[in-house]
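Okay, structure first, notes after.
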Amino acid sequence: MVSRLPGCSSLARFCQKLNRVKTLEADMMETALNRCLSTLDLTLLGFGGMVGSGLYVLTGAVAKDVAGPAIILSYIFAGFASLLAALCYAEFGSRVPKTGSAYMFTYVSVGEIWAFLIGWNVILEYVIGGAAVARAWSGYLDSIFNHKIQNFTETHIGKWNVPLLAPNPDLLAAAILLVATAFITCGAKVASWMNHLFAVVSMGVILFILIFGFILADPRNFSAAEGGFSPFGFSGIMAGSATCFYAFVGFDVIAASSEEARNPQKAVPIATALSLGLATLAYTLVSAALTLMVPWHSLNPDSALSDAFYRRGYAWAGFIVAVGSICAMNTVLLCNLFSVPRIAYAMSEDGLLFKVFARVNPVTKVPVIGIVLFGILMAILAMVFDLESLVQFLSIGTLLAYTFVAASTIVLRYQTDKIKRSETPPPNPSPQTQDGSGLKEYESFSDKLQLVEKQKAAKERREPGQLKSSFEPYLHFLSDFVPGEIVTVAVTSMVLCSICLCCILVFGVSHLQLPQWAYILFIVFFAIGFLLSLFLIWIHEQHQKLNTFQVPLVPLIPGISILLNVYLMLKLSLLTWVRFSVWIVIGFLIYFGYGIWHSKENLKEPKPRNVVARYVVLPSGSLVETVQTVQPDTQHTTGMAEVTGEGASR
């Protein structure tokens, strides 16, 4: 009996399945969803997704404990780091106007398993983020009423003492999520109008804080007597930037909504730039007004803005700030509930998640079942888990998505389009001349010369991913590779060098305890590898200028974005990485148990012919393999040829 193990060809086919990319339809504007969102709608969605609880909670905590008044610079640096990622999202959202955000971008450029990994983690981020904001929302409202809601819950429902769970169930947080879910199921336009309402109120409150805050400003709060403008130095500014970076998480809701935009090619990049600019301006000016109103070291981290007005003798202003904070948190809730079912819808449409998430209501044109299921899941998490336990899950999946989107931007820029063209070729009428003959008559010799030059230039034009002609005499051995192959290898090398470089920077002294010479040597080595990878990418041809938005300075800007994202990921706690690993294992079980077999790209692949192998021992003692093709049931097997039988008879 001969044992049959999977060979190299089977393993290669399996790896190809994992890394197959999505083939886009020729008409990417066709969708089952309702294209009803304007540039203003997308801008307010992005602004609402970014300016939420961070403005009212994060600003005071970072200013007091991390950066001081220099939190202004921290927000500027964090806004710049977010801009690098946002540019990549804007290019993809305008070029591939399909819902799914980072998942879709990774699928069309990197590969299926990586796309599933990103989509699975973005779903986690939105679900946990929505539950955490709902928990913060109920806590802020409870503090306005002097904790009467919490006291009522503890008296009439009780408390539980279970690790990782909240001391008591938060019914208010669950209720607000269920109400928001009901509004989201009414359609994209209804959700957009609700977001408009809360966003306008939030911006009105921000204007009130700025005007009244700068009227009450005291420049002496930046003086040396109060500790100066930057009491924690440059390290405090950068540490504050790492924390403030998470305040800008949420702009990807614009890319996630591109399939419901009327004109995504223009609306997505404009809305991304406007919303990020408005959010950065709001965070910077509010932090300046706050630290000018009262000394930074006397801030209350939990309610810094309302407490600052109270200490200046305007307690009534605290109520206005509370209204603004609740409206801002409502916009974040709506953005989370708006985005997560659409990402699940995109994954389900591609066959990687269960089909129930792809069902679109014929009236509202939204995936109602997905919205309801995720809304209920968020409500349960918000009701049961503590805010601190929820927040620990955040950020890592978002940073991973930013990294893959930046890498996908480079790969797609140097890659030929994978678009499914129409089966029917377009008509190709022959050019007619003035006298009706088949050949064109030229008015002059210069016209003929221009035509020859154009034909010559068209022949010399290189495909995306090919080596530039100016470098071919020096690096001609790179021309033998398939277009885009060197770029893909260089992007992989760049990501690996980024990981190694950031590991040395973060853990080299504290955990690895490297001597100074080794620390410097490793930094120089991996930095050179990073720069060499960028150079290898740059010497290849890109796509010619498209009619959609393109990230400038590719591959430099995506490369810097990858480096920053990896650095911030390595700054997260070990417990966060452990929980992240558990979530990844659950996702891989779903992918290998369901997604890889039901993927639409898997169904498009040609099925291999069934082959039966038999082993025949000839009189000479040699073992000869007989291969027979299995015919359909309607045919008889009489037509099969026994090759070895004929050889034996001879």
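Just the residues that are open to solvent by 50 Å² or more (accessible area, probe 1.4 Å) and closer than 24 Å to P464 by Cβ, please, taken from the stretch 493-541.
L496, L531, L532, F535, L536, W538
Considering each of T416, T403 in turn, give the residue that is modelled with pLDDT of 80 or more and of a type in the set (V, I, T).
Exactly one residue qualifies, and that residue is T403.
Pick from the stretch 3-43 the residues that are among the hydrophobic types (A, V, I, L, M, F, W, C), outside any helix (DSSP H, G or I) and closer than 30 Å to C335 by Cβ: which of them is modelled with the lowest pLDDT?
Only one residue tops the list, namely M28.
Being touching a residue at least 12 places away in the same chain (Cβ under 8 Å), assigned to a helix (DSSP H, G or I) and open to solvent by 30 Å² or more (accessible area, probe 1.4 Å), is that true of even one residue in the stretch 108-124?
The answer is yes; a qualifying residue exists.
Look through the stretch 167-197, keep the residues that are farther than 16 Å from S257 by Cβ and in contact with a Lys or Arg (Cβ under 8 Å, 6 or more places away or on another chain), and return whichever of them is modelled with the lowest pLDDT.
Per the stated criteria, the residue is P167.
A quick yes/no check of all residues on (1) under 25 Å from V321 (Cβ atoms); (2) free of Cβ contacts under 8 Å to residues at least 12 places away in the same chain; (3) part of a helix (DSSP H, G or I); (4) over 22 Å from the mean Cα position of the chain (by Cα):
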{"position": "A173", "(1), (2), (3), (4)": "yes, no, yes, yes"}
{"position": "I176", "(1), (2), (3), (4)": "yes, no, yes, yes"}
{"position": "I211", "(1), (2), (3), (4)": "yes, yes, yes, yes"}
{"position": "A217", "(1), (2), (3), (4)": "yes, no, no, yes"}
{"position": "I237", "(1), (2), (3), (4)": "no, no, yes, yes"}
{"position": "G240", "(1), (2), (3), (4)": "yes, no, yes, yes"}
{"position": "G250", "(1), (2), (3), (4)": "yes, no, no, no"}
{"position": "A255", "(1), (2), (3), (4)": "no, no, yes, no"}
{"position": "P269", "(1), (2), (3), (4)": "no, no, yes, no"}
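T364 passes all but one of (1) in contact with a Phe, Trp or Tyr (Cβ under 9 Å, 6 or more places away or on another chain); (2) at pLDDT below 90; (3) over 30 Å from S498 (Cβ atoms); which number fails?
The single condition T364 does not satisfy is (1).
Among the residues of the stretch 257-267, write down those that are surrounded by fewer than 24 Cβ atoms within 10 Å (Cβ to Cβ) and part of a helix (DSSP H, G or I).
Q265, K266
Which residues, taken from the stretch 352-370, are buried (at least 20 other Cβ atoms within 10 Å of the Cβ) and small (G, A, S)?
G370
Of all the residues that make up the stretch 310-329, how many are touching a helix residue (DSSP H, G or I) at 6+ places or on another chain (Cβ under 9 Å) and either free of Cβ contacts under 8 Å to residues at least 40 places away in the same chain or open to solvent by less than 20 Å² (accessible area, probe 1.4 Å) (or both)?
Residues meeting the conditions: 13.
Report whether or not F535 is aromatic (F, W, Y), modelled with pLDDT under 90 and either in contact with a Lys or Arg (Cβ under 6 Å, 6 or more places away or on another chain) or in a helix (DSSP H, G or I) (or both).
no
Go through the stretch 51-65 and give me each residue that's closer than 18 Å to P295 by Cβ and either open to solvent by 40 Å² or more (accessible area, probe 1.4 Å) or hydroxyl-bearing (S, T, Y) (or both).
Passing the criteria: T59, K64, D65.
Of the conditions (1) among the β-branched types (V, I, T); (2) exposed (fewer than 15 other Cβ atoms within 10 Å of the Cβ); (3) in contact (Cβ under 8 Å) with a residue 12 or more places away in the chain; (4) within 30 Å of L40 (Cβ to Cβ), T185 clears all except one; give me its number.
With (1) among the β-branched types (V, I, T); (2) exposed (fewer than 15 other Cβ atoms within 10 Å of the Cβ); (3) in contact (Cβ under 8 Å) with a residue 12 or more places away in the chain; (4) within 30 Å of L40 (Cβ to Cβ) applied to T185, the lone miss is (2).
Between residues in the stretch 543-561 that are at pLDDT 85 or above and residues that are open to solvent by less than 70 Å² (accessible area, probe 1.4 Å) and aromatic (F, W, Y), which pairs lie under 7 Å by C-beta distance while being six or more apart or on different chains?
S561/Y402
So how many residues does the stretch 394-414 have that are open to solvent by less than 10 Å² (accessible area, probe 1.4 Å) and under 11 Å from Y103 (Cα atoms)?
Residues in the stretch 394-414 being open to solvent by less than 10 Å² (accessible area, probe 1.4 Å) and under 11 Å from Y103 (Cα atoms): 4 in total.
Has the stretch 564-579 got at least one residue that is farther than 20 Å from F507 by Cα and in a loop (DSSP other than H, G, I, E, B)?
No, that holds for no residue.
For the stretch 586-593, indicate whether the set of residues that are farther than 30 Å from P269 by Cβ, modelled with pLDDT under 90 and either of a type in the set (S, T, Y) or open to solvent by 80 Å² or more (accessible area, probe 1.4 Å) (or both) is non-empty.
Checked against the condition, which is being farther than 30 Å from P269 by Cβ, modelled with pLDDT under 90 and either of a type in the set (S, T, Y) or open to solvent by 80 Å² or more (accessible area, probe 1.4 Å) (or both), the stretch 586-593 yields no hits at all.
If you go through the stretch 150-182, how many residues are buried (at least 18 other Cβ atoms within 10 Å of the Cβ) and either small (G, A, S) or over 21 Å from G375 (Cα atoms) (or both)?
So the count comes out to 6.
Any chance the stretch 76-89 includes a residue that's farther than 27 Å from R342 by Cβ and in contact (Cβ under 8 Å) with a residue 12 or more places away in the chain?
yes
Sort through I157, I144, I128 and tell me the only one that's touching a residue at least 12 places away in the same chain (Cβ under 8 Å) and within 27 Å of P367 (Cβ to Cβ).
Of the residues listed, the single one that is touching a residue at least 12 places away in the same chain (Cβ under 8 Å) and within 27 Å of P367 (Cβ to Cβ) is I128.
Within the stretch 69-86, identify whether any single residue is closer than 21 Å to T488 by Cα, touching a Cys at 6+ places or on another chain (Cβ under 9 Å) and part of a helix (DSSP H, G or I), and answer yes or no.
No, the stretch 69-86 contains no residue that is closer than 21 Å to T488 by Cα, touching a Cys at 6+ places or on another chain (Cβ under 9 Å) and part of a helix (DSSP H, G or I).
The values are calculated or read from the model by the stated rules, or taken from the named source; none is laboratory data. In this text, all values refer to a predicted model and were calculated from it rather than measured experimentally. A quick note on method: Cβ atoms are made from the backbone with ideal geometry, for glycine too, and the neighbour counts reach across all protein chains shown. Accessible surface is based on the protein model in full, side chains and every heavy atom, while ligands, DNA and RNA are left aside. Shrake-Rupley method; radii C 1.70, N 1.55, O 1.52, S 1.80 Å.
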